[in-house]
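**Q** This is the structure I want to talk about, given as structure tokens.
The values are calculated or read from the model by the stated rules, or taken from the named source; none is laboratory data. Computed from a prediction, not measured in an experiment: that's the story for all the values here. Here Cβ is always computed from backbone atoms with ideal geometry, including for glycine, and neighbour counts include all displayed protein chains. Remember, those area values only see protein heavy atoms, side chains included, never the ligands or the DNA or RNA. Shrake-Rupley method; radii C 1.70, N 1.55, O 1.52, S 1.80 Å.
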Amino acid sequence: MSKSEIEGNPGIPLEMGWVRDTRVNLSATQNRARTLITRRSIKKEWQAAWLLRAITMIDLTTLAGDDTPGKVTRLCAKARQPLRQDIHEGLDVGSLQPKVAAVCVYHQRVRDARKALKGSGVPVAAVSAGFPAGLSPFEQRIAEIHQSVEAGAEEIDIVISRERVLCGDWQALYDEVRQMRRACGEAHMKAILATGELGPLWQVAKASKVCMMAGADFIKTSTGKEALNATLEVGLTMVREIRAYQSMTGFKVGFKPAGGIRSAKDALNWLILIKEELGDDWLHNRLFRFGASGLLTDIERQLSHHITGRYAARHHMPLA
């Protein structure tokens, strides 16, 4: 394992020349995203294997106004055992016991999730820093990060100020994300760009660069609350910036698409994109995550179909 994978991303000083030189060919990006998923066909045992890997990359998420301790406890039970026992046995994978990558909750539910996941090895991720709009006072956002870490969150999903991107104030964006990185301490930090609110792809590319330079361990597409969330065009733009950052610094930054990823086919499309653009090193939850709530249900249905030849109803795939 390389030093960059062990230590995460320390960040670098802001390189404004690199930001200003950003270019994105829209038509080429759209064409690549469109053809990428038609060039590979994953079937039968290979598909089942890829879907099992996808389970281990899910940040199982609940970010709703009706989140209660009981709801979070049920979600954590599912995180511990993502597959129904008969499906697990039917796949004949021996002692392999897949678990999701993390459970992602609001700050108020961090302690509940920590208690429910004790001994499982599944970390808790908290959305902080004024999620989802990032419009609360900056001092309050920093305090919220500290509180989430103190409550036991091992990963922090922060949101950036979209205003900084839309106004081209890259120094201010860098400074804010840098302060958030320091507030996270030992916790991994994922920077949510909310790409559906940033405008053209070159804005997404610039924001990706600045957040990585500021020390983000992951860059993430969306909060899941925007009208437009993760798309393959946006993903392609962001992962190419990750590749460029690694080439410049030697450090690997993770990628997390979130919002609207609900089907097993969606998951396979994203995994194909990652394999094609970043390579096998990113096909692990150290460097790739799905932000999703309903994705696991459809993956279970597909794995059940692989075993039985029939699709089970969604209500046969219980949350816990």
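**Q** Exactly one of these conditions fails for ALA191: (1) within 29 Å of GLY152 (Cβ to Cβ); (2) small (Gly, Ala, Ser); (3) buried (at least 24 other Cβ atoms within 10 Å of the Cβ); (4) in contact (Cβ under 8 Å) with a residue 40 or more places away in the chain. Give me its number.
**A** (4)
**Q** Still on this structure: Quick one: which of GLU155, GLU176, GLU163 is out of contact with any Leu (no Cβ under 7 Å at 6 or more places or on another chain), more than 16 Å from GLY215 (Cβ to Cβ) and at pLDDT 95 or above? Step through it out loud before you land on a result.
**A** Values: GLU155 fails: more than 16 Å from GLY215 (Cβ to Cβ); GLU176 fails: more than 16 Å from GLY215 (Cβ to Cβ).
Just a single option satisfies the conditions, and that option is GLU163.
Each row is one residue, and each column tells you yes or no for (1) polar (S, T, N, Q); (2) open to solvent by 80 Å² or more (accessible area, probe 1.4 Å).
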{"residue": "LEU26", "(1), (2)": "no, yes"}
{"residue": "THR35", "(1), (2)": "yes, no"}
{"residue": "ARG40", "(1), (2)": "no, yes"}
{"residue": "ARG53", "(1), (2)": "no, yes"}
{"residue": "ASP59", "(1), (2)": "no, no"}
{"residue": "LEU83", "(1), (2)": "no, no"}
{"residue": "VAL103", "(1), (2)": "no, no"}
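**Q** Right, another one. Considering each residue of region 10-24, count those that are within 30 Å of ARG182 (Cβ to Cβ), open to solvent by 40 Å² or more (accessible area, probe 1.4 Å) and touching a residue at least 12 places away in the same chain (Cβ under 8 Å), and give that number. Step through it out loud before you land on a result.
**A** Keep residues of region 10-24 that are within 30 Å of ARG182 (Cβ to Cβ), which gives 10-22.
After this cut, where a residue has to be open to solvent by 40 Å² or more (accessible area, probe 1.4 Å) as well, the list is 10, 13, 15-16, 18, 20-21.
Cutting the leftovers down to touching a residue at least 12 places away in the same chain (Cβ under 8 Å) gives us 10, 13, 15-16, 18.
Of the residues in that region, 5 qualify.
**Q** Being among the small types (Gly, Ala, Ser), open to solvent by 10 Å² or more (accessible area, probe 1.4 Å) and out of contact with any Leu (no Cβ under 9 Å at 6 or more places or on another chain): is that true of GLY260 here?
**A** On the way: among the small types (Gly, Ala, Ser): yes; open to solvent by 10 Å² or more (accessible area, probe 1.4 Å): yes; out of contact with any Leu (no Cβ under 9 Å at 6 or more places or on another chain): no.
So GLY260 fails the test.
**Q** Has region 278-293 got at least one residue that is open to solvent by 10 Å² or more (accessible area, probe 1.4 Å) and under 21 Å from VAL24 (Cβ atoms)?
**A** Looking for residues that are open to solvent by 10 Å² or more (accessible area, probe 1.4 Å) and under 21 Å from VAL24 (Cβ atoms), one finds at least one in region 278-293, hence yes.
**Q** Right, something else. Could you count how many residues in region 122-150 are open to solvent by 10 Å² or more (accessible area, probe 1.4 Å) and outside any loop (DSSP other than H, G, I, E, B)?
**A** 11
**Q** Kindly evaluate LEU91 against the criterion of being open to solvent by 40 Å² or more (accessible area, probe 1.4 Å) and either under 17 Å from ALA183 (Cβ atoms) or in contact (Cβ under 8 Å) with a residue 24 or more places away in the chain (or both).
**A** Numbers: open to solvent by 40 Å² or more (accessible area, probe 1.4 Å): no; either under 17 Å from ALA183 (Cβ atoms) or in contact (Cβ under 8 Å) with a residue 24 or more places away in the chain (or both): yes.
Taking the combined requirement at face value, the residue does not satisfy it.
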